[in-house]
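Contents: one structure, followed by commentary.
The values are calculated or read from the model by the stated rules, or taken from the named source; none is laboratory data. The model shown is predicted, which means the values in this text are computed figures rather than measured ones. Cβ atoms come from the backbone with ideal geometry, glycine included; neighbour counts cover every protein chain shown.
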Amino acid sequence: MSRRHITVHIEELTLSGFAPADRYRILDAVAVELERLIAASPESFTRDAAIDKVDGGAFDLRRGAAPRAVGEGIARSVHGGLKS
């Protein structure tokens, strides 16, 4: 079985309560983690797809979490929404 290259393009991510300087680091972490999660379970995503909107639900986040941890938490929550 050949490996497929997964590319995630996020057109818009709405963040509230985070430092503006962290926004691109959070966005990058979301994309990287989503690519990893989707690549780890490709059977859930068998074709190219454009998805207009995904509700990522809610997740717990500790105060002062690093942008990477925030992005990874968002990605896991969004990934759960994609699979349902």
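Within the stretch 54-84, the set of residues being under 13 Å from Val30 (Cβ atoms) and charged (D, E, K, R) comprises Arg68, Glu72, Arg76.
Answer with yes or no whether Leu82 is at pLDDT below 85, in a helix (DSSP H, G or I) and aliphatic (A, V, I, L, M). Against the criterion (at pLDDT below 85, in a helix (DSSP H, G or I) and aliphatic (A, V, I, L, M)), Leu82 qualifies. The residue pairs whose first member lies in the stretch 21-37 and is of a type in the set (Gly, Ala, Ser), whose second member is surrounded by fewer than 17 Cβ atoms within 10 Å (Cβ to Cβ), and whose beta carbons are closer than 7 Å, counting only pairs six or more residues apart or on different chains, are Ala29/Arg68; Ala31/Val8; Ala31/Ile10.
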